[in-house]
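Participant: One structure follows; several queries about it will come next.
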Amino acid sequence: DFPGGTAIHTAAIPIMNYGLINLRGSAYNAANVQSAQTAMYKIFSIAAIRAVIKYSWTARGDGTLNEEYLAECWAYWRSASGYISTVNKATVQEIDALLDWSLTSIPATTPCEIKTKVESMYKALGISCAMVGVWN
């Protein structure tokens, strides 16, 4: 759904292997393990950000709240929002409020607000617009 962005399903494999190699036996290297961990957090962040962008639009649909897509949006976002909050807790809380399960409608501005808010955290997360890609 985000062509041109990082292919996270293939990018994750060498990162995980790098982490694994540096965890085993006498090859243990804490700095390299930390590097792999940080890289995986970026992968998780990209996945969650893509999902919150996509599903905030689909949850709004034709202007009527689609609760199933709101639940998907919330769940995918929450998969990495804990880590993402380490760079900006207030912004994550604002996004959480926009995805509140008690909503009975989603304003037309919500998907754009969410996109703007997640993009404001890219630099601190060590990711870019090019890595996230553009949703089709």
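Laboratory data are not the source of any read-out in this text; all were calculated from the coordinates shown. Just so it is clear, the structure is predicted and the values come from calculations on it, not from any experiment. Cβ: placed from backbone, ideal geometry, glycine included. Neighbour counts: every protein chain shown.
Participant: Considering only helices (runs of 4 or more DSSP H) fully contained in segment 24-136, which possess at least 2 residues that are in contact with a helix residue (DSSP H, G or I) (Cβ under 8 Å, 6 or more places away or on another chain) and touching a residue at least 12 places away in the same chain (Cβ under 8 Å)?
Facilitator: So the answer is 30-60, 67-84, 89-98, 110-119, 129-132.
Participant: Right, something else. Only residues in segment 1-23 that are without any contact (Cβ under 8 Å) to a residue 40 or more places away in the chain and over 15 Å from K42 (Cβ atoms) count as the first member; pair them with residues that are assigned to a loop (DSSP other than H, G, I, E, B) and among the aromatic types (F, W, Y), Cβ under 9 angstrom, at least 6 apart or cross-chain, and list the lot.
Facilitator: Pairs found: N22/Y28.
Participant: Of the residues that sit in segment 1-45 and are of a type in the set (V, I, T) and surrounded by fewer than 17 Cβ atoms within 10 Å (Cβ to Cβ), which one is farthest from L70 (Cα to Cα)?
Facilitator: Taking segment 1-45 and keeping what is of a type in the set (V, I, T), we get 6, 8, 10, 13, 15, 21, 33, 38, 43.
Now narrow it down to the ones that are surrounded by fewer than 17 Cβ atoms within 10 Å (Cβ to Cβ): 10, 13, 21, 33, 38.
On the way: T10: 28, I13: 30, I21: 39, V33: 35, T38: 29 Å.
So the residue we want is I21.
Participant: Taking E94, is it of a type in the set (D, E), within 25 Å of S35 (Cα to Cα) and surrounded by 13 or more Cβ atoms within 10 Å (Cβ to Cβ)?
Facilitator: Details: of a type in the set (D, E): yes; within 25 Å of S35 (Cα to Cα): no; surrounded by 13 or more Cβ atoms within 10 Å (Cβ to Cβ): yes.
No: the conditions fail for E94.
Participant: Still on this structure: Mind telling me which of the residues A59, A48, A80 ends up being touching a Pro at 6+ places or on another chain (Cβ under 9 Å), surrounded by 19 or more Cβ atoms within 10 Å (Cβ to Cβ) and of a type outside the set (D, E, K, R)? Spell out the reasoning first.
Facilitator: Numbers: A48 fails: touching a Pro at 6+ places or on another chain (Cβ under 9 Å); A80 fails: touching a Pro at 6+ places or on another chain (Cβ under 9 Å).
Sole residue among the options that is touching a Pro at 6+ places or on another chain (Cβ under 9 Å), surrounded by 19 or more Cβ atoms within 10 Å (Cβ to Cβ) and of a type outside the set (D, E, K, R): A59.
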